[in-house]
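The values are calculated or read from the model by the stated rules, or taken from the named source; none is laboratory data. Please read all numbers here as calculations on a predicted model, not as lab measurements. Every residue, glycine as well, gets a Cβ built from its backbone with ideal geometry; the counts of neighbours run over all protein chains shown.
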Amino acid sequence: MRTPRKGQAIGVAGNVGDLHMFNLRRGWVAFLAAGLVAAGAQANATVRAYEVQLVEQVRSAFFGFTAQARVGDTDDYEFQLVERQVKQGGGATVTVRLVNKRTGKTLPDAVVFMNRLDMAPDGMADMTAPVHLLPDTLPGYYRFETDLFMAGGWALTLAAKLPDDKGFIQNRLHLEAVSE
């Protein structure tokens, strides 16, 4: 396609093929833009959908496959809160354990690669708090430091790669920040 000069309309100095190609490209741009808007609206439907999509993208990017390849192995594992009530304020510590549901034993050496803490249980999913993984003290137990700046219900979402290529796990745990 010939590039028009300043002030020259496309199709006037060019041939009919140039005009057709311009309209065809403009149509594809509009089609792609509409698809992106629709995909964005669908992805923003719920916080849960966003989290699942994000975890799948991370799994795919870093490990080369998605969770569907290893779903059967991960059904036996779950994160559990050690204490459901946590003291409100800065420097709060939330402790969870990764448990084999069949045996009740903890599973050490999982790699936690995603965590999120928000107030979704109280209808405020946009209210988030920073979460930092602390060094291990007991095998199979994972501690997180956070700032629970508001009393009420909080949801801790965790995703981890299980040791020995057993797959991936994601859980959403509900806890309560209580003031003294």
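Within the range 103-151, can you find the residues that are closer than 28 Å to SER179 by Cβ and of a type in the set (Gly, Ala, Ser)?
If the condition is that a residue be closer than 28 Å to SER179 by Cβ and of a type in the set (Gly, Ala, Ser), then ALA120, GLY123, ALA125, ALA129, ALA151 are the ones that fit.
Tally up the residues in the range 79-121 that are at pLDDT 95 or above and acidic (Asp, Glu), please.
The total comes to 2.
Among the residues of the range 144-174, which ones are in a strand (DSSP E or B), more than 21 Å from GLN85 (Cα to Cα) and in contact with a Lys or Arg (Cβ under 6 Å, 6 or more places away or on another chain)?
PHE168
In this structure, is PHE113 closer than 19 Å to TYR77 by Cα, within 17 Å of the chain's Cα centre (by Cα) and buried (at least 19 other Cβ atoms within 10 Å of the Cβ)?
No.
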